[in-house]
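The values are calculated or read from the model by the stated rules, or taken from the named source; none is laboratory data. Just so you know, these numbers come straight off a predicted model, no measurement behind them. Cβ atoms come from the backbone with ideal geometry, glycine included; neighbour counts cover every protein chain shown. When the accessible area is computed, the model is the full protein with side chains, heavy atoms only, and any ligands, DNA or RNA have been set aside. Shrake-Rupley method; radii C 1.70, N 1.55, O 1.52, S 1.80 Å.
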Amino acid sequence: MHAHIKSLLVIVVLSLCAVMLSGCTGTLNSTTWVPPGDAFELGGGNVGAYNVSGTNTGNTSVEVLSISTAGAKSLGTFAPGATIEHTFADGEMAKFRNLSSSERAELTIVVKGNIDSLGMKYQGK
């Protein structure tokens, strides 16, 4: 094979790899409402780490938990107006639990990192 064809082939392969890898990371902006007594779950089956930063923009406190194969770990209870930032590891789930039994919670969340494989769901009472 000629040298210039080999060089072109290498460039094409590297370009394809860059395109495939660029889809693995990104940013997700969300305003999320969590019904009274329910929880919002983010991640859990993900491949790769992701960072969550957010603000409790509602009128009720929210507990944020990290769920992994080792179990659940509370990252704290966040009053209205409070902020959180945490990096979740490969396979780890972020859980936002509304502590009110009568009022919905409201969160503004920014997720950065490997967001392509993040699952999202609500967990009822």
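Just to check your reading of the model, which residue among K112, K121, K73 is open to solvent by 90 Å² or more (accessible area, probe 1.4 Å), within 19 Å of T27 (Cβ to Cβ) and part of a strand (DSSP E or B)? Give the steps one after another, and end with the answer.
Working: K121 fails: within 19 Å of T27 (Cβ to Cβ); K73 fails: within 19 Å of T27 (Cβ to Cβ).
That would be K112, the only listed residue that is open to solvent by 90 Å² or more (accessible area, probe 1.4 Å), within 19 Å of T27 (Cβ to Cβ) and part of a strand (DSSP E or B).
State yes or no: is S74 among the polar types (S, T, N, Q), touching a Phe, Trp or Tyr at 6+ places or on another chain (Cβ under 9 Å) and more than 21 Å from S117 (Cα to Cα)? So S74 fails the test. The set of residues in segment 21-50 being loosely packed, with under 15 Cβ neighbours inside 10 Å and either in contact with a His (Cβ under 9 Å, 6 or more places away or on another chain) or not in a loop (DSSP other than H, G, I, E, B) (or both) consists of L21, S22, G26, T27, N29, S30, T31, W33. Taken over segment 96-109, the residue count meeting the criterion of being open to solvent by less than 50 Å² (accessible area, probe 1.4 Å) and either at positive phi or not in a loop (DSSP other than H, G, I, E, B) (or both) is 5. Residue pairs whose Cβ atoms lie under 8 Å apart, sitting 6 or more positions apart in sequence or on different chains, and linking a residue in segment 57-81 that is more than 21 Å from R104 (Cα to Cα) to a partner that is assigned to a loop (DSSP other than H, G, I, E, B) and hydrophobic (A, V, I, L, M, F, W, C), are S68/A89. Evaluate segment 95-109: report whether one residue or more is among the hydrophobic types (A, V, I, L, M, F, W, C) and over 17 Å from S61 (Cβ atoms). No.
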